Amino acid sequence: MTTVAPRRALIVIDVQNEYVSGDLPIEFPDVQTSLANIGRAIDAARAAGVPVVVVQNIAPATSPLFARGSVGAQLHEVVSSRAHDHLIEKSLPSAFTGTDLADWLAAREIDTLTVTGYMTHNCDASTINHAVHAGLAVEFLHDATGSVPYQNSAGFASAEEIHRVFSVVLQSRFAAVASTDAWLASLHNGAPLERGNIYSSNQTARARSAVA
């Protein structure tokens, strides 16, 4: 059986100073690791002719985060120093909401969206869910993304817990979750990344619990 290579676009979500040197620092994975992998992914995509979409979150000038015109809202150098094919400004978590992303992808017959950037549990997950509902296949590069910790009236979760749980859930239904290295190999050989499903993910977990 012949495998059809994915028609990919790499989407680089909100790689902005706020997450590196600002008031919302990414804690897991290490932000320098994810930044390096984002740069590698962009370079590989451009070398392979895969279009690169850069997304920038902008909030009102009075906002404590991503305020328009602030240093924190600026794209990080890893992204700003590299060429891209399309730039999207957004104000909500999903890169599709209120933007031309869906039309831009459709015009280029893109069928697979490769997601990098920040944050795993917020704008990444929202964009991934939106893409799946729009009929796109999705890939999520878990070491080219990241999370922050939260504590609120519902409890506490570390950045590592949030990133790990979201990655597991995404792999169960919404995206092929892989390392940057695995994605680079897939880009080279044209083969799609491994995808999970809810049934097998649950059955595997139940079997593990039964053994324990």
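What follows draws every value from the coordinates through simple rules; no lab data is involved. Note that this is a predicted model, so its numbers are computed, not measured. Using ideal geometry, Cβ is built from the backbone for each residue, glycine included, and neighbour counts are taken over all protein chains shown.
Quick rundown of the values:
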item: Members of region 9-65 found to be surrounded by fewer than 23 Cβ atoms within 10 Å (Cβ to Cβ), more than 15 Å from ASP181 (Cα to Cα) and among the charged types (D, E, K, R), listed by number; result: ASP23, GLU27, ASP30, ARG46
item: Boolean, GLY98 is among the small types (Gly, Ala, Ser), under 27 Å from ARG164 (Cβ atoms) and either in a loop (DSSP other than H, G, I, E, B) or under 19 Å from the mean Cα position of the chain (by Cα) (or both); result: no
item: Subset of region 174-193 (residues that are in a helix (DSSP H, G or I) and surrounded by 14 or more Cβ atoms within 10 Å (Cβ to Cβ)); result: PHE174, THR180, ALA182, TRP183, LEU184, SER186, LEU187
item: Filter result (in contact (Cβ under 8 Å) with a residue 60 or more places away in the chain and either among the hydrophobic types (A, V, I, L, M, F, W, C) or under 15 Å from GLN171 (Cβ atoms) (or both)) within region 188-212; result: ALA191, PRO192
item: Single residue of region 66-88 satisfying the filter (small (Gly, Ala, Ser) and surrounded by 15 or more Cβ atoms within 10 Å (Cβ to Cβ)) that is nearest to TRP104 (Cα to Cα); result: ALA73
